[in-house]
Each structure stands twice: as C-alpha cells, then as structure tokens.
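The values are calculated or read from the model by the stated rules, or taken from the named source; none is laboratory data. None of these values were measured; they are calculated from a predicted model. Here Cβ is always computed from backbone atoms with ideal geometry, including for glycine, and neighbour counts include all displayed protein chains. To get the accessible areas, we keep the full protein, side chains included, count just its heavy atoms, and leave off ligands, DNA and RNA. Shrake-Rupley method; radii C 1.70, N 1.55, O 1.52, S 1.80 Å.
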Amino acid sequence: MARIGVFICHCGENISATVDVKQVAAAAARIPGVAHSVEYKYMCSDPGQQLVKDAIREKGLTGVVVAACSPRMHEPTFRRACAETGLNPFLCEMANIREHCSWVHEKGDATTEKAIDIVRTLVAKVKKNKALQPIQVPVTKVALVIGGGIAGIQASLDIANAGHRVILVEREPSIGGHMSQLSETFPTLDCSQCILTPRMVEVAQHPNITLYSYAELESLDGFIGNFKARIRRKARSLDETLCTGCGLCTQKCPTRKIPGEFDAGLGLRPAIYVPFPQAVPNKPVIDREHCTYYRTGKCRLCEKICPTQAIRFDQLDEIVEVEVGAVVVATGFDIKHGDFFPEYGYGKYPDVIDGLQFERLASASGPTLGEIRRPSDGKVPETVVFVACAGSRDPAKGIEYCSKICCMYTAKHAMLYRHKVHGGKPYVFYMDIRAGGKMYEEFVRRAMEEDGVQYVRGRISRVFERDGKLVVKGADTLLGARPMEIEADLVVLATAAVAQPGAEELAQKLHVSYDAHRFFSEAHPKLRPVETNTAGIFLAGACQAPKDIPESVAQASGAAAKVAALFSRSELVREPLIAVVDRQPPPVYSSCVGCFLCQSACPYQAIEKEEIRGRDGQLIKTVARVNPGLCQGCGTCVAFCRTKSIDIQGFSHEQVHAEVLALLNRGERDA
Amino acid sequence: MKTGFYPGCSMKGSAREYSESLLAVARELNRELPEVPDWNCCGATAAHNLDPDLALALPARILAAAEKDGMDEVLVPCAACYSRLKVTRHELLEDEQLRQRISGLVEADYRGSTEVLNILEWLSRVPELEKHVKKPFQRKVACYYGCLLVRPAGIVKFDRPEDPQTMDLLMRKLGAEPIDWAFKTECCGAGFSVSRTDLVAKLSGHILEDAVSRGAEAVIVACPMCHLNLDMRRPNIEKRAGKKISIPVIYITQALGLAMGLPAKKLGLQRHKVAVKISAANAAAKDI
C-alpha cells in the first residue's frame, strides 16, 4: 500500500497569494494513498526540507510529492533530501503549482482547484514510480572551442592551462576576430593588436591547443562528456606543413584589387593572402573565387615562385572527426551592413562608413597607415559626424535592443580623430550615453571636456551629398528640438551589433536555443549566463549578446571554468530517464517484434540491434536495445513503437496513464 | 474585384487636374473607377485636431459606404485623405469596441473588408504598364512622395518610409530618369499653406532648389497638398529665394497620361500656376 507525502509550498507569497494552500493541503490529505499532507512557507529552506525528511522517517513514506515551483528549480534539492533518508530519489516528484498555476492565473477558487488537480495527478504518478539508479558515463577530456576571436582565444587558453586538450576551430584564415581589426581600445586607449597578438601567439604555441583555422563545424552529435564533432577544414590550396610563411606568393600575385575583409572593404588584397601581418597561423590562403587560375585556368605564378613547392591547387576540403567532452561557442557578432539605412546613404556614399571601417582608418596597420583620410578622395576630413544608435534601439528598424558597445567606441573614435587631426571638428549625435563600466563614464567625459568633441543629443534624419559635402540633418533635442544641418566630410555610423550571418544554422547544428535576433540563449539570464540549455555546451562572448572586450573575456574565463569543472571528474552521473525496451522471461523474451521503426526515428542513433540467443547459441529473436549512454530520453521511439515495447523510465505509459485517469476520475475518487 | 474612387474635396476643387488626369488614364487603361456613393469629407487636418471621435467617424462613414456598395478596395488619390482612411481602418480593426462605437455614431457598420489604396499602389498593379507608353517620358524627374504616402510606416505598410522607391520605379517604366535626391520625403509645409505661408515658402523652396540643382526637369507628385505648396505658392517661394524657379510640378497621373500620348488639355496641364513647358519627349519641341 502506497504511503505518499504531499508537501505544499507557499513560495513566500508567489503561490499563496493566488492559491489557497491550506485548502490544497486539506484536499491532498483526502486523496487515497496520501499518508501525510502539510503546507509551509518556504519548502526549499532547511527547515522545509527537514519537514520532508522527518515525515519520510516517521510516517514511513513510500513516495513524495512537493507542490511548489518548476522541477527545473528545485527537483534536485528535494530528491537529494529524500536520498538522505534512504528513499530512492526517483520516488520524489514536483507538482508545479507556481509556473503552471499561481503565476499565470488570478486569485480564486478555480486557481486553487487547478492546484489541487496538479497535485492529484502527481500523486497518481508517484504511486507508479519505480526506484531508479543513475547512469555513469565516461568524460572525454577534450574541449571544442568554436570561434577564434578574443572570447574563443581566452576560453582556449584557460582550458589548456588547466591541463586539458583544446581543439580551436576558426572560420577565417587567421584567429583574432574583430578585436584584431580594432585600432585602440577603450577606456585606456591601448593598442588592440599589442594586447591581443601575444594571446594569439600563445594559442599557436600551446602544446594543449590544436588550431584548425579556415575550418568550420560540420556537425555535432552525442551528449555532454561524449560529443562527436565533424570539422570541415576548407582547402587553403597549400600544404601547411611545407609553407614557411615567407610571403613571396602574396607579394607576386597578379590579382591584387580585391576589397580586403580585414580592412572592412577599405583596403585591397591579392587573391593569395594572409589577412594581416600578425596572422596566426601565418600561412596564406587562396581565394578561389578571385584567383586567376581558378577563373581562367592560367597563371599558377605562386606555384612557380614558392621556394618550398607548398601550393596545392587541387587540394580538397578535408573532414576531421574528433571526440570532445565539452563545447564552447564563441562565434562573436557582426555589424549591420547594406541597404539598412537608405536615409543615411550608407552603401551609397563612400564617405558614409561604419564603425569597423573607422577602426581600420585609425589603425596603424590599416589602409591609410593610421592617418584619418576619407575613402572617396583620401582627403583629411575637417568635420566628422559620428552617429550613435544607427539601427540600435529602433523598433521601426526591428532592432529594439541596445548594442552596448557603440557609446564607448564612438567616444573613442571622436577622441582618436581629434588626436590625429588637431583642427578637426567631431560631432556625436546620441540618444543617451550608456557608459556603465569601470572608467567608462570618465572616458566619455574626457572626450567631451578635454578633447572638445561636440555631443548633440538628438537623432539624425538624413544624410545627403551636396557640392562634395555630406549634409547631415538632425535635431538638437536639448535646445528645443532645434533642427541642425552640419556639412561634414565624413560620417561614421555606429551600426547595430547583430548576430553572425550563420548563427541560426550553427545553433541548429549544436541543438542550442537562440533568441529572435539569433543571439544564442543562455540557460538562465542571471544564474547560468555561460551555459546553454544543452548540457556540455557553453557560451562565451558576443554570440550571446553584444559585449565589449572585458565582458567577453570574463565570460570566456567563466565558460572555461565550467569546462574545467566538468573535466575534473572522469565519469559523469546522468539521470536514468531514458528509454528501455521490454524484456521478459522466456518464452516471450521481449514484446519487441524487431521492426526497428524506432531505430530510424531516433535522433541520437541510440538504438542498436540485439540478438537474443538460447543456451545452445541458437538465435531466438533480434530485438531493439537502447544504448543508455546515447539516449537522451526524448521519447520519439516510444511514440513510434507499434507494440508499446519501449518505455521511458520515469515517464512510463503506466505513469502517464495514471496521471490522466486521476484528472478524469477526480469526482468519483474524492467522493 | 471592384475598385471604388474617393475623390475628397481637393480633387473636385484646387486639384481638378489630378482627378481629370486620373480618370483619363483610367479610361485608357480600361479601368472603371466609380465614386463611393454619397461620400463625405475625410476630416482632413481639422477633425483630428479637434475631436478624435470625429476624426474616425468621418472616414468610417466613407469606408462603410464603399463596403456597402460592394467595393473591395477604394482608391484614394489625395495623400491626406489616404492617410485618414488608412489610419481609421487600422484603428477600427485593432479595437472591436471602438469599431462598434464609431459604427454607432455614423449609423453604418464598417467591417473591414474594403481595403484602402493610394495612387502609387493602384498604378503599380497595372500589369505591363510599359506597353501603354507611346511617348516615353525621357526626362530627368524628381519623384517627391511627401509625408503621408509612406507614414506612419507601421500603419500604411507601404514602401520604405525613409527612401521610398515605388514612384521612381513607375517613372522609370514611363521612360523617365528619376534623380537620386535627398528631399523625397521632406515636409513641404502642408497645412500651413494659409497660416504660415512663410514656412511653406522656406520648406517647399528647399525641395525645389535641391531638385533643380540635381538637374531635374520636373517634380512628380502624388498629393494635392504638395502640389498646391510647390506650384501655387511659387511666387512666395521665389520671393524668399530671391530668384526665379521655373521647374514644373506635375501629378504622376499627368506624367503617365503624357507618356500614353493623351492630349495635355485632357490631363488638365493648363491649370497649373507654373507653366508646364514639358511633355513626353516626342512633344518636347512645342510648349503646351
């Protein structure tokens, strides 16, 4: 005979404000099989847990239902409490009367009734619960880091320094990401490359890090501790082991007028190129789309002059398969390009540029060697208008969020411009200044007060060209919305930070969730900011939301710490909520008829064929078997099975049926 | 598909030529445009400044009449009328209680089946408009949209609010070369035409000066109010600018009519204050 204990939590007043908890406790006590029913203000507190433990011991409970919040919050708490008393933790269930009831309904009898119904179903279920034992799985202590920007670099180094192997995959020919494109960094104005390149070199030299540059993730299967990744190493068209990085080929390549990605389209590069001098690895790649040989079948100049005969025109993409235990996603962000701001002439006028392009103009390694010269005619601009919030915080444009980095980098841009062009007149149009961060507000003040940057609070309506000048129309909303017109030589738009173009596709490959703007979603916005909802996959940097360098680095180290914690054990314990195939004594052996529909339905390749043989070795039948290491407990096979031979432990047919019946028969049972 | 026509006050008065040219073009395209029966004033600028209910009731009555007459859509060539009807339709369909109250006020029920069209939408739907062009309009033109055709963007859901293209594409089909300019959606001064003519002279002046400086030979409009400010207020504009500005301002329907080879008189070109010394290319030699 079942002896179930029901424990109803007020959750402060999160539950008790709309649900009559006393009435729920009284109703629960009347359910057949319930031996104990109490309510308490904070069931998750120590005294609350003690109530549960004492009741188990004193009343000899065979099952526990805690009616409180979502199992995502406190199921582990109460299962542990049960385990301490010797009750199998899987005999404890949560009845979610907070998210599913008190939070979503008004106070009233109907709400209390619903809470009672939820408790009733869980009592019915727990009566059918079976004691289960956790599953042990081994951990592959190798981390896969996707993205070689500053976040990916930091995560890789931290994990590698903790003594674990790292495989770093970067899509571009070199690691470094956006940070390598920046001129100086706020709020200290130290040179971005000077602080970044030592880290890049460290990655290249670290014995624990394997770098796959110019490579992309093809697919990821498996689960925490046991992932299988397939990585596509795109053909560089050269043998990396032979190439010495001498650079002869890049100097002699006759196709030289290709807008360079690293210089944000402002500089030109050859068809065989290294993105920038400090690239890691310092090995060129042939851009097959532009290379004369791939287009016309003639040239092969680089092949002729290469001193080590490293060029391989017929090289194919290579797929590498690796086994990893954890994944850190650090794929970064992009900025809004293209025909998004027709009113600002972006993409139409060469002298309306974006923030990354200004970084390249200000950078010593940039197309102007660090002199601020405008793209159209190379003239030093006398007046520059910087526009913050170009696209950001603009619901009409579909981007409601703040891009977070623009206030600071715009102040830096205006400052750098003043430092380089002493007589220059910089204007900044802004909505609000968001300078929350250590030494950030002081930095912006310095731009305004010491460097004479003219800050105008207001938005611009239009940029158009007249007599060789860019006319910027806007309003100064602090001076009575006075319309303003500024004749500028250069306009810099702080265009919105957006997700990488391939973010959605990557998220689907990884089975991690993403938001409406295709930034990856963290498991909890406050308490689990570096984890995803998929165990073993962590986030670092701006792929989650726009972030500046210090924040990206901090999150990367956080993700690395999570990976190191995971790798600190050689075995993981998993919940046994997985599928099992029916097994019976002879002569039936199993109700499975061996159709293997389940095998084709399983998204995790967890179903194997098992041959049942008699003592004489004779094959009796072939049936399905679930690999407990691979099964994720999704239940797809259960739905497919024609003979109801597969069940999910903890969510069996019998349990779910009991829950439904408890709802259908509530009147009769309570009567 | 039955398309009705709501002229509003200006098409019967100061902008007769807009109506004349529209109907002439429609006849040529074999499209019937029956007027909405027993139509009334849309409320224009006055109603929504004075009484929010009246501002919705007047267009609601028009829409209800069109719906009752079985019109699937109503063509509203005046941009101000278009805005009032479009906004009213939006507000009533967003709020059922409001719809019932306003329907009660005008004693006519508008259920939302009749759509509201502006002139550019209507023209864009003509299949193979190019085939009707007999005398290509080989001129540089400044396509001027004004404020109300594309705004508020969330309600009209028509073209890009900051840099619309529909009229440019239409004029290209007629053989014209639309210029790239900065004032296509800037304010002409609108309803201040009477009370603050000085403001209109300034704002409309900027529009015309930019069009002229970029080599436009005509400004193309789709709004009687814009036309009135750019054309009828030309003396004020010229006085303020201190120079003669002779660029003509013509309705998109007139431009289409000329390209179709219709006589200038039928299109009401003689009614403009600023002489239209322009026509489709073949007739360019002689003034109209």
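List of remarks:
- Cα-derived Rg to Rh of the protein assembly as shown, Kirkwood definition: 1.05
- Long-range amide H partners of B:Glu115 with built H, under 5 Å: B:Glu73, B:Val74
- For B:Glu177, the residues whose amide H sits under 5 Å from its own are B:Arg139, B:Lys140, B:Val141, ignoring neighbours fewer than 5 places away on the same chain, with H placed 1.01 Å from N.
- Tail beyond 20 Å, pair distance distribution of region A:303-457 (Cα, percent): 62 percent
- Crossing angle, helix A:549-567 versus chain A [Cα axis fit, 0-90 degrees, rounded to tens]: 40 degrees
- Summing charges over neighbours of A:Thr121, with a neighbour being any other residue whose Cβ is under 10 Å away from its Cβ, gives 0 when K and R count +1 and D and E count -1.
- Average silhouette area of chain B, convex hull of alpha-carbon atoms, in square nanometres: 14.0 nm²
- Estimated dipole of chain A in Debye, rounded to 20 [Cβ of Lys and Arg +1, of Asp and Glu -1, Cα centre]: 940 debye
- Interface residues of region A:427-475, defined as those with an accessible-area decrease of at least 10 Å² between the chain by itself and the complete set of protein chains (probe 1.4 Å), are A:Ser461, A:Arg462, A:Phe464, A:Glu465, A:Arg466, A:Lys473.
- For region A:579-648, the share of alpha carbon pairs falling in successive 10 Å distance bins from zero is 22, 54, 22, 3 percent.
- Using bins of 5 Å that start at zero, the share of Cα-Cα pairs per bin across region A:190-307 amounts to 2, 9, 16, 19, 19, 14, 10, 6, 3, 1, in whole %.
- Rounded if a/c under 1.5, otherwise prolate or oblate - region A:161-218, Cα gyration tensor axes: oblate
- Calculated on the alpha-carbon coordinates, the convex hull of region B:3-117 measures out at 87 cubic angstrom per residue.
- With kT/(6 pi eta Rh) evaluated at 25 °C and eta = 0.890 mPa s, and Rh the Kirkwood radius from Cα pairs, region A:4-134 diffuses with a coefficient of 173 µm²/s according to Stokes-Einstein.
- Accessible area of region A:423-550 divided out per residue, in Å², using a probe of 1.4 angstrom: 45 Å²
- Within the accessible area of region A:579-648 (1.4 Å probe), percent carbon and sulfur: 51 percent
- Net charge dipole size for region A:391-449 [Lys, Arg +1 and Asp, Glu -1 on Cβ; Debye, nearest 20]: 240 debye
- Environment charge at A:Gly152 (Cβ cut-off 14 Å; Lys +1, Arg +1, Asp -1, Glu -1): -2
- Computed FRET value (nearest 0.05) for A:Tyr294 with A:Gln251, which takes r as the C-beta separation and R₀ as 25 Å: 0.80
- Inter-label distance, nm, simple model (7 Å from Cα along the C-beta direction), B:Ala153/A:Ala364: 4.2 nm
- Rounded to the nearest 20 debye, the dipole magnitude of chain B is 1280 debye, with +1 charges on Lys and Arg beta carbons, -1 on Asp and Glu beta carbons, and the Cα centre as origin.
- For region B:3-117, the solvent-accessible area of protein heavy atoms averages 44 Å² per residue (probe radius 1.4 Å; ligands and nucleic acids excluded).
- Average silhouette area of region A:498-643, convex hull of alpha-carbon atoms, in square nanometres: 12.1 nm²
- When the Cα positions of B:Ala46, B:Asn30, B:Ser103 are compared along the charge dipole of region B:1-112, B:Asn30 comes out farthest toward the positive end, with charges on each C-beta of Lys, Arg, Asp and Glu.
- Shielded by partner chains, region A:324-349 residues - at least 50 Å² of accessible area, 1.4 Å probe, vs chain alone: A:Pro342
- For chain A, the longest principal axis of the Cα atoms and the long axis of helix A:653-664 meet at an angle of about 80 degrees.
- Angle in degrees between helix A:109-128 and the longest Cα principal axis of chain A, rounded to the nearest 10: 70 degrees
- In the A-B interface, the accessible area buried, summed over both sides, Å² (probe 1.4 Å): 900 Å²
- Of all DSSP-defined beta bridges confined to the protein assembly as shown, some 45% are antiparallel rather than parallel.
- Exceeding the 22 Å Cα-Cα cut-off - candidates A:Lys469/B:Lys184; A:Lys228/A:Lys283; A:Lys283/A:Lys547; B:Lys202/B:Lys243; A:Lys420/A:Lys473: A:Lys228/A:Lys283; A:Lys283/A:Lys547; A:Lys420/A:Lys473
- Radius 15 Å from Cβ of B:Met260, net charge of other residues (Lys, Arg +1; Asp, Glu -1): +4
- Label zone of B:Asn30 (point 7 Å out along Cα→Cβ, amide N under 17 Å): in region B:113-132 this covers B:125-132.
- Rg of the Cα atoms in region B:181-284, relative to 2.2 N^0.38 Å, amounts to 1.05.
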